[in-house]
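Peer 1: Take this structure first; my questions come after.
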Amino acid sequence: MKATLEKIKMIFENEVDPRVDVKSMDPDKSISDQGVDSLDTSSIFLSIEEEYSINIKDEDIERLDTLNKIVEFINSREK
């Protein structure tokens, strides 16, 4: 399944604090700079792993700091 920005935003909406306005997040700006904390990040990546049947290493999570980088990473793992 191909990842899209819209699908990743839906996962974010389900996992982040409701005070974070996911719909208006800049896909090229750091997610932590947009109100996503480390606890939310853990939940997000667990959901992404489940949704796309992939494993994401901790060192990869550290560099996946924007929505666009997350989409690109998932699509690069597509079989």
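Peer 1: Give me a count of the residues in region 30-46 that are touching a Ser or Thr at 6+ places or on another chain (Cβ under 7 Å) and surrounded by 15 or more Cβ atoms within 10 Å (Cβ to Cβ).
Peer 2: Final tally of qualifying residues: 1.
Peer 1: Next question. How do the pairs read when you match residues in region 44-69 that are among the aromatic types (Phe, Trp, Tyr) with residues anywhere that are surrounded by fewer than 16 Cβ atoms within 10 Å (Cβ to Cβ) and in a loop (DSSP other than H, G, I, E, B), using Cβ under 7 Å and keeping only pairs 6 or more apart or on different chains?
Peer 2: Within 7 Å, the pairs are Tyr52/Met1.
Peer 1: Tell me yes or no: at least one residue of region 2-10 is basic (Lys, Arg) and touching a residue at least 60 places away in the same chain (Cβ under 8 Å).
Peer 2: yes
Peer 1: For region 34-75, what are the residues that are assigned to a loop (DSSP other than H, G, I, E, B), of a type outside the set (D, E, K, R) and closer than 24 Å to Arg19 by Cα?
Peer 2: Listed by number, the residues that qualify are Gly35, Val36, Leu64, Thr66.
Peer 1: Inside region 47-60, can you point out the residues that are closer than 18 Å to Thr4 by Cα and either surrounded by 13 or more Cβ atoms within 10 Å (Cβ to Cβ) or of a type in the set (Val, Ile, Thr) (or both)?
Peer 2: Ser47, Ile48, Glu49, Glu51, Tyr52, Ile54, Ile56 - these are the residues of region 47-60 that are closer than 18 Å to Thr4 by Cα and either surrounded by 13 or more Cβ atoms within 10 Å (Cβ to Cβ) or of a type in the set (Val, Ile, Thr) (or both).
Peer 1: Going through region 2-27 one residue at a time, which ones are hydrophobic (A, V, I, L, M, F, W, C) and over 18 Å from Ile74 (Cα atoms)?
Peer 2: Once the filter is applied, which keeps residues that are hydrophobic (A, V, I, L, M, F, W, C) and over 18 Å from Ile74 (Cα atoms), region 2-27 yields Val16, Val20, Val22, Met25.
Peer 1: Inside region 17-29, can you point out the residues that are loosely packed, with under 12 Cβ neighbours inside 10 Å and either touching a residue at least 40 places away in the same chain (Cβ under 8 Å) or hydroxyl-bearing (Ser, Thr, Tyr) (or both)?
Peer 2: Of everything in region 17-29, those that are loosely packed, with under 12 Cβ neighbours inside 10 Å and either touching a residue at least 40 places away in the same chain (Cβ under 8 Å) or hydroxyl-bearing (Ser, Thr, Tyr) (or both) turn out to be Ser24, Asp28.
Peer 1: Considering only residues that are within 11 Å of Ile11 (Cβ to Cβ) and hydrophobic (A, V, I, L, M, F, W, C), which ones fall in region 33-70?
Peer 2: Hits for region 33-70 are Ile44, Phe45, Leu46, Ile48, Leu67, Ile70.
Every number in this text was worked out from the coordinates using simple rules, so none of it is lab data. For clarity, every value in this text was computed on a predicted model and none was experimentally measured. No Cβ is skipped: glycine too gets one built from the backbone with ideal geometry, and neighbour counts run over all protein chains shown.
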